Ligand code: NDP
């Protein structure tokens, strides 16, 4: 049987994750990586992975079944999504939640006009968390949905710490509040403020001679980033930072608490504990690339999100095998 031919557009953390994930799916093969940088400067995980200049991608129009876009949501995807969806079936992880409807429209037209499928805004949030929010609301219409994030490394907040004068290096983790989660799990459906749901924990390496007290206070009072939260600042050595804070963990919980009668409350919980955010996100994108290929074979073209894809389409197993083994 012919393998599904996958290609990667943009090779950063997510691109590397897709390269790994495709190698774990025996029904797929990797055509190569398409980068805006000089291919000779891009070092892939597997030495036999081919790297091409993205400008040459149209030469591969008939050799790629699904192109997985691994560019950044802020500046890359808003340009690349509409462009690539006119020539390829695409999958991406666009995660600017407020702009998803607008982005959806921008890829719907080119993909429909050219008989392509554009599956956008996938990963874990948006993605697997979104599906679980939907299931929760649909199954328990009378109730509340809660999303907690963490423990997770926040790139934006880590950058903010590093801009404080006297800081040599640093990382920030977002932590879900245990007390808040316990309250939600108990079924009481509390109203929780931003401050009550999450805490922020910083690990900072100081420059020689920097004033720790001032740095701590500048971090804790930084508007929007840290001021609204309970923040702790830990000072550590560069060695500790290198040894203990070199991964990109993330995860969190989606909890729906709802009542089906006066006396009965029901709680649904979905949780993720991820050692590598990009590797997990990439694994989701690759499973959805399989679904995207199948949708294109069914000629179900245009923009889609995780909400539009039947779960069976994600699996390497046939519908019959799934009924026999997993139902
Ligand atoms: P990176 O910054 O690692 O990569 C983004 C792009 O930058 C790459 O596609 C690459 O494009 C370019 N790039 C990468 N490394 C270099 C380099 N050394 N020098 C110059 N350019 C480089 O981002 P991530 O892969 O970590 O994340 C991509 C997006 O994934 C995020 O913006 C986020 O929105 C999304 N995401 C979504 C999640 C979800 O749950 N939906 C979860 C996690 C992330 P090129 O090869 O063309 O130069």
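FYI, it's all coordinate maths here, none of it is from the lab. Computed from a predicted model, the values in this text were never measured in an experiment. Cβ sites come from the backbone with ideal geometry, for glycine too, and all protein chains shown count toward neighbours.
Conditions tested, residue by residue: (1) within 16 Å of the ligand (Cβ to nearest atom); (2) in contact with a strand residue (DSSP E or B) (Cβ under 7 Å, 6 or more places away or on another chain).
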| site | (1), (2) |
| --- | --- |
| 103 | yes, no |
| 107 | yes, yes |
| 131 | yes, no |
| 134 | yes, no |
| 137 | no, yes |
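Just to check your reading of the model, which residue among 284, 267, 254 is in contact with a helix residue (DSSP H, G or I) (Cβ under 7 Å, 6 or more places away or on another chain), closer than 26 Å to residue 70 by Cα and part of a strand (DSSP E or B)?
254
Where residues in the range 82-95 are touching a strand residue (DSSP E or B) at 6+ places or on another chain (Cβ under 6 Å) and not in a strand (DSSP E or B), which of them is nearest to the ligand (Cβ to nearest atom)?
84
Please report, ordered by residue number, the strands (runs of 3 or more DSSP E) entirely within the range 1-66 with at least 2 residues that are more than 16 Å from the ligand (Cβ to nearest atom).
The qualifying strands (runs of 3 or more DSSP E) are 4-9, 28-35.
Answer with yes or no whether residue 79 is within 20 Å of the chain's Cα centre (by Cα), under 17 Å from residue 107 (Cβ atoms) and either within 15 Å of the ligand (Cβ to nearest atom) or part of a strand (DSSP E or B) (or both).
Spelling it out, residue 79 is indeed within 20 Å of the chain's Cα centre (by Cα), under 17 Å from residue 107 (Cβ atoms) and either within 15 Å of the ligand (Cβ to nearest atom) or part of a strand (DSSP E or B) (or both).
Under 28 Å from residue 146 (Cα atoms) and in contact with a strand residue (DSSP E or B) (Cβ under 7 Å, 6 or more places away or on another chain) - does that describe any residue in the range 203-216? Don't jump to the end; show me each part of the working.
First, pick out the residues of the range 203-216 that are under 28 Å from residue 146 (Cα atoms): 203.
With in contact with a strand residue (DSSP E or B) (Cβ under 7 Å, 6 or more places away or on another chain) added as a condition, the list becomes 203.
The answer is yes; a qualifying residue exists.
Results for (1) on the phi < 0 side of the Ramachandran plot; (2) within 16 Å of the ligand (Cβ to nearest atom); (3) in contact (Cβ under 8 Å) with a residue 12 or more places away in the chain; (4) out of contact with any helix residue (DSSP H, G or I) (no Cβ under 9 Å at 6 or more places or on another chain), shown as yes or no for each residue.
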| residue | (1), (2), (3), (4) |
| --- | --- |
| 112 | yes, no, yes, yes |
| 117 | yes, no, yes, no |
| 125 | yes, yes, yes, no |
| 128 | yes, yes, yes, no |
